[in-house]
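Have a look at the structure below, then the notes.
The values are calculated or read from the model by the stated rules, or taken from the named source; none is laboratory data. Fair warning: this is a prediction, and the values are worked out from it, not measured in the lab. Glycine also receives a Cβ, built like all others from the backbone with ideal geometry; neighbour counts cover every protein chain displayed. Just so you know, the surface numbers come from the protein's heavy atoms only, side chains and all, with ligands and any DNA or RNA stripped out. Shrake-Rupley method; radii C 1.70, N 1.55, O 1.52, S 1.80 Å.
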Amino acid sequence: MHITLRQLEIFRAVAQSGRVTAAAEALHISQPAASMALSELEKHLGPLFDRHQGACLSLNDSGRALLSKACEMMDRALEIEQQFSRDACYQEGSLIINSSSTVGNNLMPAIIGEFTDINPGISVDLKVDNTRQIEQRLLGFEIDMAVVEGICLHPDIEVKTWRSDELVIVCHPSHPLANKDDVSLNELADDPWLLRESGSGTREVFDEVIATRLGEPKVKMVLNRAEAIKQAAADGQGIACLSRLAVWRALRKNDLATINVKDLALKRHFYLIMHKHKYRSGVIKKFSEFILSYKNHR
């Protein structure tokens, strides 16, 4: 059997894009060359994809079993290349990280900045999205790791609790309940809510803790960025439930105020998540150890 790294690289690209043409474009090769390499690989291993109309491909059981092994082979090959070409074991490399909105916008820039100051040979590519979309990228081996505020229960995802967070209900400072303590949640029954989209960790907490007690909250807007919700609340468009990390500056400047609802627990955690079958290169280990220790810094 003669399986090459190039075949595995093309297989991985097709698995992640769902199309041979897209994989070929990503790897800067011709579509016939990508199709030939994939065909040769399937001659050795059997069919790896289910073919659909419109040239779409999806992994079958054999393909899913191969994907984690192919990704590990590619990662190990890159690590060997970096170590011996630069004689800089684990000191040079790159990481692709996703994070959900709250932690990505408020914590990750400083963390990545400190990490790359200490490790200037390692580049970090960060993308901010919601927890459910990040989970799918992780399962598809498209990213190395992620930091999220939503809970992940997929059996193939390893979850490490990182640090705690607190959500607060915020409003325009002129709201009649602004900065009041011991407010009953029922007093907010007629207020319009400004919410994150479904799939975000913040929305999950709202749905589980607040919506279940209010029955049918009046939703005025659904926005996919905390910054947009914060601005809408500051403009008096409604009330919102956001991380204190996201609003502390606006609270300090009196652009927003809190509504302190009694007997309402809005605590949660941030989590570091990785695919259980992802190969842990030296660079991945270095960053994961750094971020898990960072919780003691702030």
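Quick one: putting +1 on the C-beta of Lys and Arg, -1 on the C-beta of Asp and Glu, what dipole do you get for the stretch 249-288 around its Cα centre, in Debye to the nearest 20?
It comes to approximately 300 debye.
State the percentage of accessible surface on the stretch 32-180 attributable to carbon and sulfur atoms; use a 1.4 Å probe and exclude ligands, DNA and RNA.
Whole-percent figure for carbon plus sulfur exposure: 52.
Which percentage, to the nearest 5, of the DSSP beta bridges contained in the chain is antiparallel?
In the chain, DSSP labels about 55 percent of beta bridges as antiparallel.
Residue separation times 0.36 nm, minus the C-alpha to C-alpha distance between Q237 and L139: what's the value?
Fully extending the segment from Q237 to L139 adds 31.5 nm.
With an 8 Å cut-off on Cα pairs and a minimum separation of 6 or more residues, tell me the relative contact order of the stretch 220-298 in percent.
Normalised by residue count, the contact order of the stretch 220-298 is 17 percent.
Filter K127/K180; K43/K285; K127/K160 down to the pairs with a C-alpha to C-alpha distance above 30 Å, please.
K127/K180; K43/K285
Could you work out the relative contact order of the chain? I mean the mean sequence separation of Cα pairs under 8 Å and 6+ apart, divided by the number of residues, in percent.
21 percent
Relative contact order of the stretch 61-208: what whole-number percent is it, with Cα pairs under 8 angstrom and at least 6 residues apart?
Across the stretch 61-208, relative contact order equals 23 percent.
Taking the Cα centre of the stretch 151-298 as origin, work out the dipole magnitude from +1 charges on Lys and Arg Cβ and -1 charges on Asp and Glu Cβ, in debye rounded to 20.
Its charge dipole is roughly 920 debye.
When we measure straight from the Cα of K278, which aspartates and glutamates land under 15 angstrom away, once same-chain ones fewer than 8 places off are left out?
Partners within reach: E72, D75, E79, E135, E142, D144, D156, E158.
Under a 1.4 Å probe, what is the accessible area of the chain per residue, stated in Å²?
50 Å²
In nanometres, what is the gap between the two model label sites at E114 and H277, each 7 Å from Cα along Cα-to-Cβ?
A separation of 3.5 nm, rounded to one decimal place.
For R19, R203, give me the order by solvent-accessible area with a 1.4 Å probe, most accessible first, ignoring ligands, DNA and RNA.
R19, R203
So between E40 and N179, what do we pick up on full extension, going 0.36 nm a residue minus the alpha carbon distance?
Difference between extended and current length: 43.3 nm.
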